[in-house]
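The values are calculated or read from the model by the stated rules, or taken from the named source; none is laboratory data. In this text the structure is predicted, and so the values were computed from the model without any measurement. Glycine gets a Cβ as well: all are built from the backbone with ideal geometry, and neighbour counts include every protein chain shown.
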Amino acid sequence: MIPPEKAVEIVKDYLDRNKIDYIRVSEKVMTEKEEIPYGVMEGKELTSHTVAYYFEGYYGETPIFITLNAEDGTLLFGASSSGFLDLT
């Protein structure tokens, strides 16, 4: 299992690699065993890390949540107020 600090690094690398503008990435990581609700691993029960990053929205900072597989660090999906996001 990857440590929560590594999950934050993976998310920052993803954002930089894809040139996604953000204000900050939260250092708080939520770790839980859950049934994955979206994406290629949908329906499987995995231990996951969820990291939030924030971008400048119309009314201030807006969060986007990135969920990773805690076992190997694979990006699973993103979630925003608009719904689920595919991560490439």
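Mind listing just one residue for me: the one in segment 1-13 that is in contact with a Leu (Cβ under 9 Å, 6 or more places away or on another chain) and within 16 Å of residue 78 (Cα to Cα) and, of those, surrounded by the fewest Cβ atoms within 10 Å (Cβ to Cβ)?
Filtering first and then ranking leaves 10.
How about segment 34-67: which of its residues are touching a helix residue (DSSP H, G or I) at 6+ places or on another chain (Cβ under 8 Å) and closer than 20 Å to residue 1 by Cβ?
Here is the first cut: in segment 34-67, the ones touching a helix residue (DSSP H, G or I) at 6+ places or on another chain (Cβ under 8 Å) are 49, 51, 53, 66.
49, 51, 66 - these are the residues of segment 34-67 that are touching a helix residue (DSSP H, G or I) at 6+ places or on another chain (Cβ under 8 Å) and closer than 20 Å to residue 1 by Cβ.
Looking only at residues in segment 73-88 that are among the aliphatic types (A, V, I, L, M) and part of a strand (DSSP E or B), which one is nearest to residue 23 (Cα to Cα)?
Going residue by residue through segment 73-88, those that are among the aliphatic types (A, V, I, L, M) are 75-76, 79, 85, 87.
Pick out the ones that are also part of a strand (DSSP E or B) and you get 75-76, 79, 85.
Working: 75: 20, 76: 22, 79: 17, 85: 19 Å.
Of everything passing the filter in segment 73-88, 79 is nearest to residue 23 (Cα to Cα).
Scan segment 14-24 residue by residue and report those that are surrounded by 15 or more Cβ atoms within 10 Å (Cβ to Cβ) and either touching a helix residue (DSSP H, G or I) at 6+ places or on another chain (Cβ under 8 Å) or free of Cβ contacts under 8 Å to residues at least 40 places away in the same chain (or both). Full working, then the answer.
Of all residues in segment 14-24, those surrounded by 15 or more Cβ atoms within 10 Å (Cβ to Cβ) come to 14-15, 22.
Once the filter is applied, which keeps residues that are surrounded by 15 or more Cβ atoms within 10 Å (Cβ to Cβ) and either touching a helix residue (DSSP H, G or I) at 6+ places or on another chain (Cβ under 8 Å) or free of Cβ contacts under 8 Å to residues at least 40 places away in the same chain (or both), segment 14-24 yields 15, 22.
State which residue pairs qualify: first residue more than 15 Å from residue 84 (Cα to Cα) and inside segment 41-55, second residue among the basic types (Lys, Arg) in any location, beta carbons under 6 Å apart, and separation of 6 or more residues or different chains.
47/33; 54/24
Those residues that are over 16 Å from residue 70 (Cβ atoms) and more than 10 Å from the chain's Cα centre (by Cα), I need them from segment 38-58; list them, please.
Residues satisfying the conditions are 38, 40, 42, 43, 54, 55, 56, 57, 58.
Looking at 40, 29, which one is at pLDDT 95 or above and among the hydrophobic types (A, V, I, L, M, F, W, C)?
Numbers: 40 fails: at pLDDT 95 or above.
Answer to the check: 29.
Would you mention how many residues in segment 6-23 are under 13 Å from the mean Cα position of the chain (by Cα) and more than 16 Å from residue 87 (Cβ to Cβ)?
1
What residue, among those in segment 65-78 that are in contact (Cβ under 8 Å) with a residue 24 or more places away in the chain and hydrophobic (A, V, I, L, M, F, W, C), is surrounded by the most Cβ atoms within 10 Å (Cβ to Cβ)?
Among those residues, the one meeting the criterion is 68.
Just one of 61, 27, 32 is of a type outside the set (Ser, Thr, Tyr), surrounded by fewer than 14 Cβ atoms within 10 Å (Cβ to Cβ) and within 15 Å of residue 9 (Cα to Cα); which is it? Break it down into steps so the answer makes sense when it comes.
Details: 61 fails: within 15 Å of residue 9 (Cα to Cα); 32 fails: within 15 Å of residue 9 (Cα to Cα).
Checking each option against the conditions leaves just 27.
Return the residues of segment 38-58 that are aromatic (Phe, Trp, Tyr) and surrounded by 12 or more Cβ atoms within 10 Å (Cβ to Cβ); say none if nothing qualifies.
Here is the first cut: in segment 38-58, the residues aromatic (Phe, Trp, Tyr) are 38, 53-55, 58.
Across segment 38-58, the qualifying residues are 38, 53, 54, 55.
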